[in-house]
Amino acid sequence: MKRSKLFLTAALLLLSLLCNQQDCFAEVTSITNSLMVPSFTSGSRVPIFKSRPNLIRVSGSWLDTTNDIDGEGLQGQPNFNIGITSKGNMANPYVEFTLNSDRTGRYRVRLKRPGGEDVITIEYTDHISIASTQALTMSNATPAYLDAFAINTEIRLRITGTNVNQLSFKPLSANYTISTPSISAAATKKDIGYKYSRKVDKVSIQQSEFVFTACGREFKYSDYKGNSTWNVNNLPFFRAYDKPDFLVSDVVSGIYNRRQGTCGAINNNGNIMIERPGRCDADSAFRLANPTAANPLVEKEVIMSDVVFTIINDSYAPQLAPITIHVKFGINIRGTITINRMIAKEVKQIQFHRPESRKILVRHFNCSQCFEKLVAPFDWADESYTVVVDPANEVPENNENNNSRTFAGTQTLQ
């Protein structure tokens, strides 16, 4: 036992003498904080986040022999002792220690070992956490309709959370302009004014676009692991619009259709044609009495419904001025309809009323089908209507080439 103690004492003495001569060839190669993505060099100040367990690893030769760590206040704070959390070995020399307190200011940390020491600098900084972000209107700080804002107009970005007054917004896209870096700032809420210059239907705000400064160095919020990250489904976003975009949908109703009947013997294939025969039984407004042998021909005058076209504002830009729509056949304007306004993504149905909408429907005892009686003025047919939105191009649009659509009356079955 005495021999072992003597051997250990001699070894330590030899190591001490060697280290005194060469300082154990010590060199700090890297410093990491478990709460941060980047690493630090020996000359860097290492941020220590208050009230969070900061596991600091200092790597370099001989650091696995560290047996005492002390923190010395550099700004008048009292010194304190730091316990060793773990150490490496000769193949992977390092020492780890954990700091979890609300100290303030800068400290020199001495990593002591037999025959020498290494020194790093730490600095306590505030914990930062974003709870939510919102894109709001500048005037009254409320959400915009469909989260859509006009390009090149100021938007209010609101950040809430912990110590968010220390955050800045540095978007990655070149389409941003920060107009007011800080409209207002408090520990729990900060408002920033910015503009977006390009039309886009979804602009996501990323965690990496928020930055803070600690230890004289700028860090991305996404590089700080001491907070809970946003759920990917709750990433804030907004839309930036430029001009409206009107188009005519292919959805239409009320166009009157004909086809040749199969009861050719009636009227010598002449003035009676089939028109949706089921309506004569199922539609209460069109229902005809059943023909009989005593009364073989039954007639009824009915009014056909107006043609209903569908217009879409396929953008997030509202149109507040009236919009003109022409219903045409060839170059001839059959009707002019005005829509007073359209909000973002609005779908409007417009009715085209024909000059004549009456028909005479007929049923015959010798034929199960329902016919149209071709006598004036009831013998009209729907034309191949062309619907044109904003025919004079009075409203600037994102796309001026999708403003019309043609519907063939004898081919569009509704």
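One residue stands out among those in the stretch 37-52 that are farther than 19 Å from residue 27 by Cβ and among the aliphatic types (A, V, I, L, M): the one that is least open to solvent (accessible area, probe 1.4 Å), which is 48. Whether any residue in the stretch 140-155 is open to solvent by less than 50 Å² (accessible area, probe 1.4 Å), within 40 Å of the chain's Cα centre (by Cα), farther than 30 Å from residue 244 by Cβ and touching a residue at least 24 places away in the same chain (Cβ under 8 Å) is what I want to check. Looking for residues that are open to solvent by less than 50 Å² (accessible area, probe 1.4 Å), within 40 Å of the chain's Cα centre (by Cα), farther than 30 Å from residue 244 by Cβ and touching a residue at least 24 places away in the same chain (Cβ under 8 Å), one finds none in the stretch 140-155, hence no. Residues of the stretch 385-408 that are in a loop (DSSP other than H, G, I, E, B) and open to solvent by less than 50 Å² (accessible area, probe 1.4 Å): 390, 395, 397, 402, 403, 408.
Within the stretch 303-348, being hydrophobic (A, V, I, L, M, F, W, C) and in a loop (DSSP other than H, G, I, E, B) holds for 304, 317, 320, 321, 331, 343, 344. Every listed requirement among (1) over 30 Å from residue 101 (Cβ atoms); (2) of a type outside the set (A, V, I, L, M, F, W, C); (3) open to solvent by 50 Å² or more (accessible area, probe 1.4 Å) is met by residue 216 save one, (1).
With the structure loaded, tell me whether residue 96 is at pLDDT below 95, closer than 30 Å to residue 67 by Cβ and assigned to a strand (DSSP E or B) or whether it fails that test. Criteria not met by residue 96. So in the stretch 242-276, with the set limited to residues that are among the small types (Gly, Ala, Ser) and in a loop (DSSP other than H, G, I, E, B), which one is modelled with the lowest pLDDT? Residue satisfying both the conditions and the ranking: 270.
Note on the stretch 277-291: residues that are of a type in the set (D, E, K, R) and in a loop (DSSP other than H, G, I, E, B) amount to 2.
If the condition is being of a type outside the set (A, V, I, L, M) and open to solvent by 50 Å² or more (accessible area, probe 1.4 Å), then the stretch 185-195 contributes 188, 189, 195.
Taking the condition of a type in the set (Lys, Arg) and open to solvent by less than 70 Å² (accessible area, probe 1.4 Å), does residue 202 pass? Judged against the criteria, residue 202 is not a match.
Mind listing just one residue for me: the one in the stretch 127-139 that is more than 18 Å from residue 317 (Cβ to Cβ) and in contact with a Lys or Arg (Cβ under 6 Å, 6 or more places away or on another chain) and, of those, surrounded by the most Cβ atoms within 10 Å (Cβ to Cβ)? Filtering the stretch 127-139 for residues that are more than 18 Å from residue 317 (Cβ to Cβ) and in contact with a Lys or Arg (Cβ under 6 Å, 6 or more places away or on another chain), the one surrounded by the most Cβ atoms within 10 Å (Cβ to Cβ) comes out as 136. Screening residue 369 against (1) modelled with pLDDT under 90; (2) open to solvent by 80 Å² or more (accessible area, probe 1.4 Å) leaves a single unmet condition, (2). Of the residues that sit in the stretch 281-318 and are open to solvent by less than 20 Å² (accessible area, probe 1.4 Å) and among the small types (Gly, Ala, Ser), which one is farthest from residue 378 (Cα to Cα)? Ranking the qualifying residues of the stretch 281-318, first place goes to 317. Of the residues making up the stretch 137-171, those that are in contact with a Phe, Trp or Tyr (Cβ under 8 Å, 6 or more places away or on another chain) and assigned to a loop (DSSP other than H, G, I, E, B) number 7. Entry remark, the stretch 71-93: residues being open to solvent by 30 Å² or more (accessible area, probe 1.4 Å), assigned to a strand (DSSP E or B) and touching a residue at least 12 places away in the same chain (Cβ under 8 Å) number 3 in total. Among the numbered conditions (1) under 30 Å from residue 262 (Cα atoms); (2) part of a strand (DSSP E or B); (3) open to solvent by less than 60 Å² (accessible area, probe 1.4 Å); (4) not aliphatic (A, V, I, L, M), the only one that residue 356 does not meet is (2). Checked against (1) surrounded by fewer than 18 Cβ atoms within 10 Å (Cβ to Cβ); (2) of a type in the set (A, V, I, L, M, F, W, C); (3) over 30 Å from residue 149 (Cα atoms); (4) at pLDDT 90 or above, residue 321 passes all but condition (3).
The values are calculated or read from the model by the stated rules, or taken from the named source; none is laboratory data. What you see is a predicted model, and the numbers here were worked out from it, not measured in a lab. FYI the Cβ positions are ideal-geometry reconstructions off the backbone, even for glycines, and counts take in every protein chain you see. Heavy atoms of the whole protein, side chains included, go into the accessibility calculation; ligands, DNA and RNA do not. Shrake-Rupley method; radii C 1.70, N 1.55, O 1.52, S 1.80 Å.
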